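The values are calculated or read from the model by the stated rules, or taken from the named source; none is laboratory data. Since this is a predicted model, take the numbers as computed values, not measurements. Reconstructed Cβ throughout: ideal geometry from the backbone, glycine too, with neighbour counts over all protein chains shown.
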Ligand code: PMT
């Protein structure tokens, strides 16, 4: 899919993430998109107009009052030229100005004058992002129909850890494609329920048994299913991800909680995908008080958790098309096919989680999809891309 014939105005405001804009423009140009760059004065402290001109192949605009620029393309004409104006990074300052309708520089003027879609990629310190004023302004922008892409979570340039990182250039390119190139929606009218993330099985008030699932694969599937037109319910174990837009999320902790929610939603779903890494066992008794150290060894008695996906696949009425995942470290095909059969699934997505950089808690994965009579290998790529392929493969199997 490319962006041929699409026109994006990239508005760069003054944050450290501005340095990623050169990469963003290169990725957009690779997709044959026409890009014009507008910068605020403060953005020029973080990346030079010359760099942005070199990567975009177009002069960079930065002033509302430049007679030469106005003679070449007046700002109203400029605002009409765009199919999308993306402000990235969008600082708390530019967000506040947008929310108030202030137009005191070229970017904010274009934003008021454009009939095009507008999206912002917020980027700022986590405390500034969490501030009620910023949250209030973002809510105003969302109400005005402006798309808000991110921010992401993680380590920040200032050393803080939290929410406020600008989404990566590749993510922003994908969002531009979704915004500008309408996808086919083979799941329109369908309901999809997806489990994601780990479960936590309590031992006492402060300890639990769990695993390294980050939820990225399951959240990617939820996002892809929304893109394909579905109504999506996500049943999520404890993860650090934000809900993809348009997805209804139920937060759970334990396998038993996940099972209750899954059985409630499965009967109203057309498709059920079990991507969660569910603990197979839980403590037979959860101690009411913190367990005290007692000698050199201790024995925990565990009991089996319900097999959620097997219960869904065995529903005698309103059974959804049921897709499992198999996380294996050896004999992947054999174990995956065994789970497909024993759990009575329609399809299973197997991943070899012994491979460095794939599987649990990484951005990438590789999958083999198995049906009773067929299989497809999907080589290593981002979980978001894989998720889209998996959802399309499922959609192709529905009547
Ligand atoms: O979350 P990420 O960091 O992005 O990592 C993604 C992933 C590796 C967790 C994901 O791709 C994956 O493989 N998920 C399934 C992990 C797993 O628990 O596999 P399993 O082979 O143990 O279970 C097989 C299937 O049964 C799965 O669909 C699982 O959701 C389901 N199951 C397992 C046990 C149980 N009690 N109930 C279940 O429903």
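Determine, yes or no, whether residue 317 is under 25 Å from residue 398 (Cα atoms) and either modelled with pLDDT of 95 or more or not assigned by TED's automatic domain parsing to the domain that holds residue 394 (or both). Answer is yes for this residue. Among what's in the stretch 292-318 and is part of a loop (DSSP other than H, G, I, E, B) and touching a residue at least 24 places away in the same chain (Cβ under 8 Å), pick the residue that is surrounded by the fewest Cβ atoms within 10 Å (Cβ to Cβ). The residue in question is 317. Scanning the stretch 315-328 for residues that are more than 10 Å from the ligand (Cβ to nearest atom) and in contact with a strand residue (DSSP E or B) (Cβ under 9 Å, 6 or more places away or on another chain) returns 315, 319, 320, 321. In the set (1) over 18 Å from the mean Cα position of the chain (by Cα); (2) more than 20 Å from residue 365 (Cβ to Cβ), the condition left unmet by residue 278 is number (2).
Residues in the stretch 224-238 that are buried (at least 24 other Cβ atoms within 10 Å of the Cβ) and within 16 Å of the ligand (Cβ to nearest atom): 224, 225, 233, 234, 235, 236, 237. Is one or more of the residues making up the stretch 201-218 without any contact (Cβ under 8 Å) to a residue 24 or more places away in the chain, under 30 Å from residue 317 (Cα atoms) and buried (at least 16 other Cβ atoms within 10 Å of the Cβ)? No, because not a single residue in the stretch 201-218 is without any contact (Cβ under 8 Å) to a residue 24 or more places away in the chain, under 30 Å from residue 317 (Cα atoms) and buried (at least 16 other Cβ atoms within 10 Å of the Cβ).
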